């Protein structure tokens, strides 16, 4: 039974080795386009958090612009020649998403640093998006860029 399991697992693993970066890239694109679209149409559950964090901008203007930027990052992940630029923008965006941890710590933690609120968990999950972006960056060879 173990031999059969190992054979199936290694067969699956070989296929995933070939396609995992593309799957990760598409998954990141879906998240960015979806979350961006919610901000554009004014239905983002993160709208209040953005408004409280970036309080010096008018939220009715800033949140849709942020949504457009997020959607463009998602689209950029789908177009291979833009991936290097898109990854840089994604990582800069991810750094900005950490700001509430410092600006609004009471919103992010019931007990700092080990008991995050739902808002804190929403921010902490961005570690997965960052890791995914780094995987894509490390595995996407851009032939246009390498020729220069």
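Derivation of every value follows stated rules applied to the coordinates shown; laboratory data play no part. Everything numeric here is computed off the predicted structure, so don't read it as measured data. FYI the Cβ positions are ideal-geometry reconstructions off the backbone, even for glycines, and counts take in every protein chain you see.
Tabulated values for the structure
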item: Cα-based helix-to-principal-axis angle, 2-40 vs the chain, degrees rounded to 10; result: 30
item: Per-selection metrics, the range 22-69 (Cα): Rg and Dmax in Å; result: 11.8, 38
item: Residue 1/residue 89 FRET efficiency (R0 30 Å; Cβ-Cβ; nearest 0.05); result: 0.05
item: Ranking of 94, 43, 101 by count of other Cβ atoms within 10 Å, fewest first; result: 43, 94, 101
item: Intensity falloff of the range 48-113 expressed as log10 I(q)/I(0), Debye formula with alpha-carbon point scatterers, at q = 0.21 Å⁻¹; result: -0.90
item: Listed peptides 119-131, 74-86 by packing density, highest first (mean Cβ within 10 Å); result: 74-86, 119-131
item: The chain: radius of gyration over Cα atoms, expressed as a fraction of 2.2 N^0.38 Å; result: 1.26
item: In nm, spacing of pseudo-spin labels at residue 81 and residue 20 (7 Å Cα→C-beta vector); result: 3.0
item: In degrees, nearest ten, helix 126-139 long axis to first principal axis of the chain (Cα); result: 40
item: 222 nm mean residue ellipticity, helices alone, for the chain (DSSP H n ≥ 4; -39,500 (n - 2.57); rounded to 500); result: -25000 deg cm²/dmol
item: The chain, relative contact order [Cα under 8 Å, separation at least 6], %; result: 26
item: Most fluctuating residue given options 37, 71, 111, as computed from a GNM of the chain linking Cα atoms under 10 Å; result: 111
item: 25 °C / 0.890 mPa s Stokes-Einstein diffusion coefficient of the range 81-131, Kirkwood radius on C-alpha pairs, µm²/s; result: 210
item: Added length on full extension, which subtracts the Cα-Cα distance from 0.36 nm per residue, residue 8 to residue 48; result: 9.7 nm
item: Fewest-first ranking of 19, 93, using other Cβ atoms within 10 Å as the exposure measure; result: 19, 93
item: Principal-axis tilt of helix 59-78 within the chain, Cα atoms, nearest 10 degrees; result: 10
